[in-house]
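Report on one structure; see the data block that follows.
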Amino acid sequence: MSDGIYIATAGAVAQSNALDTTANNIANASTVGFHGDRIAFREALGTAKSLDVTLVDGGTSRVDQQQGAMTQTDNPLDLALEGDGYFGVDTAQGPRYTRAGNLQIDDARHLVNNEGATMRGEAGQPITVPPDAKVVGVGADGTVTADGNPVGKLELVRFAPSQLRREGRHAVRRHRPAAARRSAEGSQRRPRGQQRQRRPRRRRSRQGVPHLRVADARDPGLPRCREPRGARPRWTQVRKHRRQTMFRSLATAASGMEAQQTKLDVTANNIANVSTNGFKKGRAEFADLMYQSVRPAGSATSASTVAPSGTEIGLGTRLVATSRDTGQGELHQTGNPLDVAIQGKGYLQVTLPNGTHAYTRNGALQLDNSGKLVTAEGYPVGEITIPPDSTNVTISATGQVTVTQPNQTQATEVGSIQIATFANPEGLAAQGGTLFTETTASGTAVVGAPGEGGAGSLSQGMLEVSNVNVVQEMIDLISGQRAYEVNSRVIKAADEMLGETAQLR
């Protein structure tokens, strides 16, 4: 009778771990480069009775190495690995490895991932992109080129699954099995006869000691421990215990629901601005949270064997950034001589009422009551004034603004439109009204003539429309809705399991 209780309890714990792993896989359905986990169980032991009774242990989790689906994007720095392998990145904790290939260029012109970690080159050095580069590309072998010239090659490495340990934020780190660690420690043993240097004894805090029960003071088998200062001394039994969270899947699925809700908000904003000139669509990017290591890989399973894979249960997902797709939108011809579109990189620089500058891709320009060239909101674009008697206005590809006046055979230049470029345009802060302001992440604006220093050229009589693809947004909307629904079902399943546990007598 008692065997059945333990067997059923072991099975319930095993299925709880399976639900936690499934919840983490579903919560990271929208995480770029995420590979799901598969958990496997085995019988723990058997008893030789009239019937063979077995227990089930907590199981081991393995990363599913199956290739994920690839999605087409307009960002030339978005990469995907076909087959095995990882990108190398440098973090504050040392080298790490990831399959997430949504890369950017920071203000130091280094190639980084969406969390600012520097991508490693073949020699472990960062890859620097020249500031005047117009076209940055990455070849199939990882070679990074700027205007056709190679500037570095991404570090691509392969590991056996047992050599890696998850850390969250897309990253894994190389893991040495316990046998290898013991071998390395054994090689550093002190020579025979040399005394061991004793470490200074650490003073333990008395207030943090758990007191489980009060025992008889005559019991010599119990260690002595005092209560906090001011309390009466007594004999207590002290035990070390580890807290284990019950039904991690509740919080894991909740994080997945929050992630899909944020994705829905970003998708809704993209669809709402499908007709906004110069609008750049957003994209919600997620990363997996930390992992709880129930049993590390490489731990001993017997006197001569070690576990090739450990048990690591993820705790959900989180929002990393809402990046902006700076890909070129379609150019529509309007016939208005004051409409301009930027072909390539860069933004129009406008002056705000407080004297600061903002930047926009919306080139629907107009004239105010004094003849100044302004945006639709009335913000001046440089110091350009068009005479009221002008019969023709011409804006060249390099930004020169010329006008033709009555009784004149030659055009007169009245100013020039300049283009501002940034080392990391994804780091600009959106202010609404298709306006952006610079931040420390975007770097300082480099203002110059169109077509110079990597800036794009101007096209008169045309406007750049939004780069939102309505069909793709509808697909993202449907997939986000279904992922939200599945996460809610995980919460329902965990609630039912918790209800069954609460009804045990």
Over segment 445-474, the set of residues in contact with a His (Cβ under 9 Å, 6 or more places away or on another chain), assigned to a strand (DSSP E or B), aliphatic (A, V, I, L, M) and open to solvent by less than 30 Å² (accessible area, probe 1.4 Å) is LEU463
Which of the residues belonging to segment 428-444 are buried (at least 19 other Cβ atoms within 10 Å of the Cβ) and in a loop (DSSP other than H, G, I, E, B)?
-> LEU428, THR434, GLU438, SER442, GLY443
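The rows are residues; the columns are (1) of a type in the set (A, V, I, L, M, F, W, C); (2) in contact (Cβ under 8 Å) with a residue 12 or more places away in the chain.
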| position | (1), (2) |
| --- | --- |
| ASN407 | no, no |
| LEU435 | yes, yes |
| THR440 | no, yes |
| GLY451 | no, yes |
| GLY456 | no, yes |
| VAL468 | yes, yes |
| VAL471 | yes, no |
| GLN481 | no, yes |
| ALA493 | yes, yes |
(1) among the hydrophobic types (A, V, I, L, M, F, W, C); (2) at pLDDT 80 or above; (3) farther than 30 Å from THR311 by Cβ all hold for VAL157 apart from (3)
Residue check for ARG361: under 30 Å from MET257 (Cα atoms), basic (Lys, Arg) and in contact (Cβ under 8 Å) with a residue 24 or more places away in the chain = no
Answer yes if at least one residue in segment 284-291 is open to solvent by 40 Å² or more (accessible area, probe 1.4 Å) and under 30 Å from THR21 (Cβ atoms), and no otherwise.
-> yes
Extreme residue, nearest to ARG248 (Cα to Cα), among residues of segment 451-497 that are touching a Phe, Trp or Tyr at 6+ places or on another chain (Cβ under 8 Å) and of a type outside the set (A, V, I, L, M, F, W, C) = ASN467
LEU477 meets each of (1) more than 22 Å from the chain's Cα centre (by Cα); (2) open to solvent by 40 Å² or more (accessible area, probe 1.4 Å); (3) over 21 Å from THR128 (Cα atoms) with one exception, condition (1)
Reported set for segment 72-89 where residues are free of Cβ contacts under 8 Å to residues at least 40 places away in the same chain and either over 15 Å from the mean Cα position of the chain (by Cα) or open to solvent by 50 Å² or more (accessible area, probe 1.4 Å) (or both) is GLN72, ALA80, GLU82, GLY83
Matching residues in segment 256-282 (within 20 Å of LEU428 (Cβ to Cβ) and open to solvent by less than 20 Å² (accessible area, probe 1.4 Å)) number 3
Can you name every residue in segment 415-426 that is modelled with pLDDT of 90 or more, buried (at least 21 other Cβ atoms within 10 Å of the Cβ) and not in a strand (DSSP E or B)?
-> ILE417
Positions within segment 486-505 being of a type in the set (Asp, Glu) and surrounded by 12 or more Cβ atoms within 10 Å (Cβ to Cβ), in sequence order = ASP495
Of the candidates THR501, THR434, the one satisfying the condition of being touching a strand residue (DSSP E or B) at 6+ places or on another chain (Cβ under 9 Å) and of a type in the set (Val, Ile, Thr) is THR434
Meets criteria (in contact with a strand residue (DSSP E or B) (Cβ under 6 Å, 6 or more places away or on another chain) and under 22 Å from GLY327 (Cα atoms)) for ALA455 = yes
Determine which single condition THR391 fails, assuming it passes every other condition in (1) within 28 Å of GLN328 (Cβ to Cβ); (2) more than 50 Å from the chain's Cα centre (by Cα); (3) of a type in the set (Val, Ile, Thr).
-> (1)
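The values are calculated or read from the model by the stated rules, or taken from the named source; none is laboratory data. Please read these numbers as outputs of a predicted model, since none were measured by experiment. Using ideal geometry, Cβ is built from the backbone for each residue, glycine included, and neighbour counts are taken over all protein chains shown. Just so you know, the surface numbers come from the protein's heavy atoms only, side chains and all, with ligands and any DNA or RNA stripped out. Shrake-Rupley method; radii C 1.70, N 1.55, O 1.52, S 1.80 Å.
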